[in-house]
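Please read the structure below before turning to the comments.
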Amino acid sequence: MSAKYALVTGASSGIGRAVALGLLEAGYHVALAARNRPALEAVIAEAGPQAARRALAVSADVGDAASVEALFAQVEAQWGRLDLLFNNAGVFTPQSSIEDLAVDDWKKAVDINLTGSFLCTRQAFRLMKKQAPQGGRIINNGSISAHAPRPRAAAYTATKHAITGLTKAASLDGRAYNIACGQIDIGNVVSDMSELMAKGTLQADGSLKVEPRMGMDNVVRAILYMDSLPLDANVQFMTVMASHMPFIGRG
């Protein structure tokens with residue numbers, strides 16, 4: 001393929017790490033962003049020396065506007081353009097019923113999950129509008145929680161529902177500039193963050209249930225497919241999930 005330039009947030013672990021490695025393997029130049037720079041450098045080392053030459057590790061806090069501006073300035077200085085932004089950085093808050101949810105936990109979820117995606121989208125728009133050729137693609141990590149909540153997860157659920165609104169707004173506002181914005185909603189992928197599902201996680205009826213999980217490679221292939229389309233076509237929403245997880249129907 002011709003050279004393509006991507007930025008993955010939350011790239012030090014989990015889905016972000018896997019997608020960054022998958023993009024590097026596919027030949028992309030990839031900027032990996034997270035707060036933990038040594039962890040990012042470890043991911044790049046894992047990709048191998050040839051792929052590492054196409055990688056850039058940037059320590060950034062997506063919830064901080066100045067940090068995000070510096071991140072995109074570094075990407076622009078390095079490559080001069082951005083073809084793909086994967087807004088992946090996110091955080092779970094401790095399980096809590098709404099009346100016991102700490103305000104600080106609520107604000108942390110909003111700052112990282114929602115404001116972080118907005119700040120990165122804003123900077124991506126600014127760069128993608130002025131680069132030549134104009135345009136690019138933004139993929140937001142929505143999660144199954146963008147559709148249906150888990151118990152005792154109001155902050156995470158609210159932010160992920162809001163991501164759907166941000167995706168639609170960015171998709172609409174990006175039309176004039178050849179910027180396509182879509183959303184991937186991922187359900188029960190094998191990662192450190194989903195270990196509870198393998199041990200037994202809280203269900204709507206109050207019971208604990210072990211839930212099926214799928215391999216991370218399915219997420220990587222989905223992202224690569226979404227970005228394989230020309231910019232005049234867009235996967236607006238994609239759900240990729242473990243086939244037998246309790247989501248469709250009554251579980």
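Checked against the criteria, Leu119 counts as crowded, with 20+ Cβ neighbours inside 10 Å, in a helix (DSSP H, G or I) and either out of contact with any His (no Cβ under 7 Å at 6 or more places or on another chain) or free of Cβ contacts under 8 Å to residues at least 24 places away in the same chain (or both). Within segment 176-227, track down each residue that is of a type in the set (D, E, K, R), touching a helix residue (DSSP H, G or I) at 6+ places or on another chain (Cβ under 7 Å) and under 25 Å from Asn87 (Cα atoms). Across segment 176-227, the qualifying residues are Asp185, Asp192, Arg213. Restricting attention to segment 124-158 and to residues that are of a type in the set (Gly, Ala, Ser) and part of a loop (DSSP other than H, G, I, E, B), the residue that is farthest from the chain's Cα centre (by Cα) turns out to be Ala132.
For segment 116-133, does any single residue satisfy the condition of being within 22 Å of Asp83 (Cα to Cα), among the basic types (Lys, Arg) and touching a Phe, Trp or Tyr at 6+ places or on another chain (Cβ under 8 Å)? Yes: one or more hits. Test Arg17 against the criterion of being buried (at least 23 other Cβ atoms within 10 Å of the Cβ), within 16 Å of the chain's Cα centre (by Cα) and among the basic types (Lys, Arg), and give yes or no. For Arg17, the condition - buried (at least 23 other Cβ atoms within 10 Å of the Cβ), within 16 Å of the chain's Cα centre (by Cα) and among the basic types (Lys, Arg) - is met.
Residues are listed down the side, and each one gets a yes or a no for (1) without any contact (Cβ under 8 Å) to a residue 24 or more places away in the chain; (2) in a loop (DSSP other than H, G, I, E, B); (3) at positive phi:
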{"site": "Ala176", "(1), (2), (3)": "yes, no, no"}
{"site": "Ile184", "(1), (2), (3)": "no, no, no"}
{"site": "Ala198", "(1), (2), (3)": "yes, no, no"}
{"site": "Ile223", "(1), (2), (3)": "no, no, no"}
{"site": "Leu231", "(1), (2), (3)": "no, yes, no"}
{"site": "Val235", "(1), (2), (3)": "no, yes, no"}
{"site": "Ser243", "(1), (2), (3)": "no, yes, no"}
{"site": "Pro246", "(1), (2), (3)": "no, yes, no"}
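A short reminder: the numbers here are calculations on the coordinates, not readings from a lab. Predicted model only: the values in this text are computed from it and were never measured. Don't worry about glycine lacking a Cβ; one is built from the backbone with ideal geometry, like all the others, and counts go over all protein chains shown.
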